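Reading through the structure tokens given below for one structure.
The values are calculated or read from the model by the stated rules, or taken from the named source; none is laboratory data. Please read all numbers here as calculations on a predicted model, not as lab measurements. Cβ placement follows ideal geometry from the backbone for every residue including glycine, while neighbour counts extend to all protein chains displayed.
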Amino acid sequence: MSIERVLSQEEIDGVFRKLQQRNEAADPAKQAIPYDFRRPDRIAKEQLRAIHMLHENFARALASSLSAYLRAYVMVNLVSVEQLSFLEFSQCLPSPTIITSLSMKPYDGSAVLEMNPSLVFPVLEMLLGGSPKIITARIDREITEIEHSILDSIYRIVLNDMRDAWGGVADIAFSIGSRETEPQMLQILAPNEAVVAISMEVRIGENSGMMNIGVPSIIIKMLRQKFDQQWSVRKSESTLAEQERIFRLIRDANLSLDARIEGPTLSTQSLLELAVGDTIVLDYPVNRPLTLKVNGRPKFFGQVVESGYVRALELESPVALHDG
């Protein structure tokens with residue numbers, strides 16, 4: 001028995017629709033990711049890693065400097081280092097906030113330094129003689145001109161530590177330019193221009209806030225060769241100061257000295273049969289020098305001598321020199 005079934009026009013359209021969707025999914029052009037040619041190319045991961053290490057040193061130095069200046073325990077932790085467009089960077093900042101442009105002489109262009117209000121207002125309380133513990137509510141107002149002037153001492157500390165941190169790569173003089181409270185108002189870079197965004201958490205007492213730094217990627221690329229030089233020198237060479245520091249650490253360490261006449265071996269049976277009056281032939285020439293071992297490693301050759309009422313070893317030459 002056979003059943004003949006005629007497809008409706010709607011079912012026929014559905015079959016063709018499914019075939020068309022399947023062909024579109026298999027088309028490589030449909031799987032391509034759009035690329036914006038207005039956006040600069042990315043910075044190499046090795047260079048971002050070097051910037052990360054640089055700002056880890058900066059964070060430690062800044063924590064020490066702020067602790068001494070504010071007379072309070074300050075912690076600074078590096079949170080992230082990533083590349084963003086200037087528009088993305090500005091959109092990540094709170095509003096209102098304290099944002100400042102920084103010139104980077106002798107290089108053209110400006111960096112951005114932003115401090116969250118949750119960080120700035122506790123610092124202002126401490127600078128004016130108060131305690132940061134009294135700030136519990138969130139403050140969303142803009143900072144005043146007088147408060148800007150009070151913060152100048154904090155900016156000097158931050159910029160001085162930044163200059164020291166970057167000193168291993170390039171001698172950059174950071175200085176304060178324009179100041180704003182709204183991120184969109186500080187138009188020092190094009191929206192699509194790439195910046196390296198460095199985020200740090202600063203904790204003072206029971207309060208914490210973020211400090212963000214944006215450095216134009218074009219300046220980072222200009223310094224790429226200097227980053228590579230610093231990285232290679234740091235990996236391959238140690239400075240005289242570093243060698244002296246290591247020597248001071250190991251100066252009081254104890255070393256074992258051992259100088260022996262190497263003779264033939266004996267079996268356990270022969271050792272047990274030894275008696276008083278037996279002679280052991282060492283087979284070691286008198287004029288052959290003894291080897292002085294330092295912590296088990298041969299270092300010097302020498303001869304047995306008398307020093308007062310005790311035996312001693314007079315050093316003649318290093319092992320390496322003797323072998324050469």
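What do you reckon, is residue 246 modelled with pLDDT of 80 or more and under 30 Å from residue 94 (Cα atoms)?
In short, no.
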Task: Selected residue (only one of 274, 255 is touching a strand residue (DSSP E or B) at 6+ places or on another chain (Cβ under 8 Å) and assigned to a loop (DSSP other than H, G, I, E, B)) - done: 255
Open item on the list: What pairs come out if I take residues in the stretch 271-291 that are exposed (fewer than 10 other Cβ atoms within 10 Å of the Cβ) and pair them with residues that are modelled with pLDDT of 80 or more whose C-beta lies under 9 Å away, six or more apart or interchain?
Closed with: 287/303
Open item on the list: For the structure I just gave you, tell me whether residue 125 is over 25 Å from residue 57 (Cβ atoms) and in a helix (DSSP H, G or I).
Closed with: yes
Open item on the list: Looking at the stretch 172-191, I want the residues that are on the phi < 0 side of the Ramachandran plot and have a partner that is of a type in the set (D, E, K, R) with Cβ atoms under 6 Å, at least 6 apart or on another chain. Which pairs are those?
Closed with: 173/105; 174/163; 181/142; 186/180
Open item on the list: Can you say whether residue 21 is at pLDDT 65 or above, out of contact with any Leu (no Cβ under 9 Å at 6 or more places or on another chain) and farther than 30 Å from residue 195 by Cβ, as far as the supplied structure shows?
Closed with: yes
Open item on the list: It is to be established whether one or more residues within the stretch 181-197 are out of contact with any Phe, Trp or Tyr (no Cβ under 9 Å at 6 or more places or on another chain), over 15 Å from residue 98 (Cα atoms) and surrounded by fewer than 21 Cβ atoms within 10 Å (Cβ to Cβ).
Closed with: no
Open item on the list: All but one of (1) modelled with pLDDT under 85; (2) touching a strand residue (DSSP E or B) at 6+ places or on another chain (Cβ under 8 Å); (3) closer than 28 Å to residue 194 by Cα hold for residue 135; state the number of the condition that does not hold.
Closed with: (3)
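Does at least one position in the stretch 61-74 carry a residue that is modelled with pLDDT of 75 or more, surrounded by 14 or more Cβ atoms within 10 Å (Cβ to Cβ), out of contact with any His (no Cβ under 9 Å at 6 or more places or on another chain) and among the β-branched types (Val, Ile, Thr)? Explain how you work it out, then say what you get.
Of the stretch 61-74, the ones modelled with pLDDT of 75 or more are 61-74.
Of the ones still in play, those that are also surrounded by 14 or more Cβ atoms within 10 Å (Cβ to Cβ) are 61-63, 65-67, 69-70, 72, 74.
Narrowing the set further to residues that are out of contact with any His (no Cβ under 9 Å at 6 or more places or on another chain) leaves 61-63, 65-67, 69-70, 72, 74.
Now restrict to residues that are among the β-branched types (Val, Ile, Thr): 74.
For the stretch 61-74, residues modelled with pLDDT of 75 or more, surrounded by 14 or more Cβ atoms within 10 Å (Cβ to Cβ), out of contact with any His (no Cβ under 9 Å at 6 or more places or on another chain) and among the β-branched types (Val, Ile, Thr): present.
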Open item on the list: Suppose we keep only residues that are aliphatic (A, V, I, L, M) and touching a Phe, Trp or Tyr at 6+ places or on another chain (Cβ under 6 Å) within the stretch 265-324. Which one would you say is nearest to residue 255 (Cα to Cα)?
Closed with: 292
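A quick yes/no check of all residues on (1) of a type outside the set (Asp, Glu); (2) not in a strand (DSSP E or B):
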site	(1), (2)
264	yes, yes
288	yes, yes
305	yes, no
316	no, no
Open item on the list: For the structure I just gave you, tell me whether residue 283 is of a type outside the set (A, V, I, L, M) and either at pLDDT below 85 or assigned to a strand (DSSP E or B) (or both).
Closed with: yes
